[in-house]
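Asker: Here it is: the structure, laid out below.
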Amino acid sequence: MIVRVSQTGPVDATFQAPPSKSYTHRALIAGALASGRTRIEGPLRAADTELTARGLETLGVPLEWLPGEITVAGCGGTFPTPGEVTVDCGNSGTTLRLLTSAALLARHPVVLTGSARMLERPVGPLAGALQALGGEVAFAGEPGFPPVRISGRLRGGKTVIDGSISSQFISSILMAAPYADEDVELTLPAIPASRSYLDVTADVMLRFGAHIERRGYEWFRVKSGATYRGRGYRIEGDYSSASYLFAVAAVCGGKVAVTGLSPASVQGDRRFLDALEAMGCRVTSGRDAVTVERTGDLRGIEIDMSSSPDTVQTLAAVAATAGSPTTITGTGHLQYKESNRVGVTAETLRRMGAGVEVTEDSLTITPAPLHGVAVDPHDDHRTAMAFAVLGLAVGGMAILEPECVEKSFPGFWEALYGVGLL
């Protein structure tokens, strides 16, 4: 299947934001570990979150997807696995990393594995920290990479963990920490990648009853015994997915409103709106909607997106239509995602005619006349969506493997069709 994207003029459209993938993953895990029953309202049902749900079922937790909600029967902090089990995490790095620490709460050893790409994504720093906290970690293949076998016990204590590759290493330990034998203290020697996702993790943990102390992104302590309690929990809208919809207004001109977004959200990808505003768009927020409007030309900017990694490709697509160069910093860890996102983005933009310069931690886009190309997203949902949006400004774009958007935004193509953009 191929989706072909034609050039379109100024837009005037309203979209509903899909539910947050990050919040859904974390609420599923907190609900699974909790005492009692949890009802998650408005969850994202996408390929990634279904992998987390199936992983929890493999660990012995009953879940039921219902229209508009999912119910979770919490295990009270001990996964009732019948024996050693294997959790296939597919292509979901969030699933594998978050469940790695939680696996120490199972009655028997747990093996976590995934797709061919997943076996190339490092987990070494997480494994080292878990061993310091009482876990036993064994690698079936290359050391530091899945498949990984988890056994032992989460005793707790103090450790140092490097999150410069992924903040999910830290989130993983934090989410399991209330069930450790003693308090867990994490010291972070460097600013973690995607640090805003630690705010999402802490938000979910606190709402489910955990007790956390922290000093910014340098030190965390989770109190042992302050465990999760089952509850009703509503998932907020996803700023990462909404970025593609906002970008439509930026590249095509006109106005796009996205409903279902919390103006008080801790999601780091809200920073994408700051970038659009700096480039010349008008951004307005209401009680339940955010609107982006562009009437003039876009200008290039310099911006650090290290805390908003999932919108880097979207911003690069917008930058290619600006009137001057844009430099995006904080991009080094994107090579460890579903694909090497910086490399794929740079190669595709160059084929379209843009000038692109890549350094170890930055991406500079110099606008030039663009033409459409066939885009191989390398099974990466964010690549497919970012270049589909750019195709609306350029025309002649063909997106291969469009089904990969099922990972995070299953209704993406239908949303564009629904307002006449495809």
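Asker: Using R₀ = 22 Å, calculate the FRET efficiency as 1/(1 + (r/R₀)^6) where r is the Cβ-Cβ separation of ASP181 and THR71; round to 0.05.
Answerer: Computed FRET efficiency for ASP181 and THR71: 0.15.
Asker: For a label point 7 angstrom out from the Cα of ARG45 toward its Cβ, which stretches of the range 70-90 have the backbone nitrogen within less than 18 Å?
Answerer: 70-73
Asker: Related question: Could you count how many Lys pairs in the chain have their Cα atoms under 18 Å apart, skipping same-chain pairs fewer than 8 positions apart? All intermediate terms of the calculation are to be shown ahead of the outcome.
Answerer: Numbers: LYS21/LYS337; LYS21/LYS407; LYS158/LYS223; LYS337/LYS407.
Counting lysine pairs in the chain gives 4.
Asker: Additional query: Just from the alpha-carbon atoms, what are the Rg and Dmax of the range 118-167 in angstroms?
Answerer: Cα-based Rg and Dmax for the range 118-167 come out at 10.8, 30 Å.
Asker: Just report the Cα centroid separation between the range 217-287 and the range 356-408, whole Å.
Answerer: What the calculation gives is 22 Å, centre to centre.
Asker: Further, regarding this structure: Which order do you get for TRP65, TRP219 if you rank them by accessible area with a 1.4 Å probe, largest at the top?
Answerer: Working: TRP65 60, TRP219 35 Å².
Listed by decreasing accessible area, they come as TRP65, TRP219.
Asker: Using only DSSP helix segments of four residues or longer, with each worth -39500 (n - 2.57), what per-residue ellipticity at 222 nm results for the chain after dividing by its residue count and rounding to 500?
Answerer: Details: 12 runs with 129 residues, N = 422.
Helix-only estimate at 222 nm: -9000 deg cm²/dmol.
Asker: Here's a follow-up. Largest first, what is the accessible-area ranking of HIS378, HIS25 with a 1.4 Å probe?
Answerer: On the way: HIS378 100, HIS25 0 Å².
The residues order as HIS378, HIS25, largest area first.
Asker: Contour minus end-to-end for ARG287 and THR159, with contour as 0.36 nm per residue of separation and end-to-end as the Cα-Cα distance?
Answerer: Between ARG287 and THR159, full extension yields 41.9 nm more.
Asker: Follow-up. Rounded to the nearest 0.05, what FRET efficiency do GLU64 and SER324 have when you use their Cβ-Cβ distance and R0 = 51 Å?
Answerer: 0.45
Asker: Still on this structure, I have one more. Using only Cα atoms and rounding to the nearest 10 degrees, what angle (0 to 90) does helix 341-352 make with the longest principal axis of the chain?
Answerer: 10 degrees
Asker: Just want to confirm a number: the relative contact order over the range 16-132, from Cα pairs under 8 angstrom separated by 6+ residues, in percent. Write out the running numbers ahead of the final one.
Answerer: On the way: 190 pairs, mean separation 27.5, N = 117.
Relative CO of the range 16-132 lands at 23 percent.
Asker: Still on this structure, please answer the following. So how exposed is GLU57, as accessible area in Å² (1.4 Å probe, rounded to 10)?
Answerer: Its heavy atoms expose roughly 90 Å² to the probe.
Asker: Something else: Once R0 is set to 51 Å, what does the formula 1/(1 + (r/R0)^6) return for the Cβ-Cβ distance between ARG229 and GLU360, expressed as a FRET efficiency to the nearest 0.05?
Answerer: 0.70
Asker: While we're here: Could you tell me the ratio Rg/Rh of the chain? Both radii from Cα atoms, Rh via Kirkwood.
Answerer: That ratio equals 0.97.
Asker: Also, quick follow-up: Counting C-alpha atoms alone, how compact is the range 1-119: give Rg to one decimal and Dmax as a whole number, in angstrom.
Answerer: 17.1, 59
Asker: Under 8 Å for C-alpha pairs, at least 6 residues apart: give me the relative contact order for the range 17-60, rounded to a whole percent.
Answerer: Here the relative contact order equals 49 percent.
Asker: Give the percent of DSSP beta bridges with both residues in the chain that are antiparallel, rounded to the nearest 5.
Answerer: Approximately 65 percent, going by the DSSP bridge assignments.
Asker: About the Cα centre, and with charges only on the beta carbon of Lys, Arg (+1) and Asp, Glu (-1), how big is the dipole of the range 50-129? Nearest 20 debye, please.
Answerer: The calculated dipole for the range 50-129 is roughly 260 debye.
The values are calculated or read from the model by the stated rules, or taken from the named source; none is laboratory data. Model, not experiment: these values are computed from the prediction. Glycine also receives a Cβ, built like all others from the backbone with ideal geometry; neighbour counts cover every protein chain displayed. Keep in mind that these areas ignore ligands, DNA and RNA; they rest on the heavy atoms of the full protein, side chains included. Shrake-Rupley method; radii C 1.70, N 1.55, O 1.52, S 1.80 Å.
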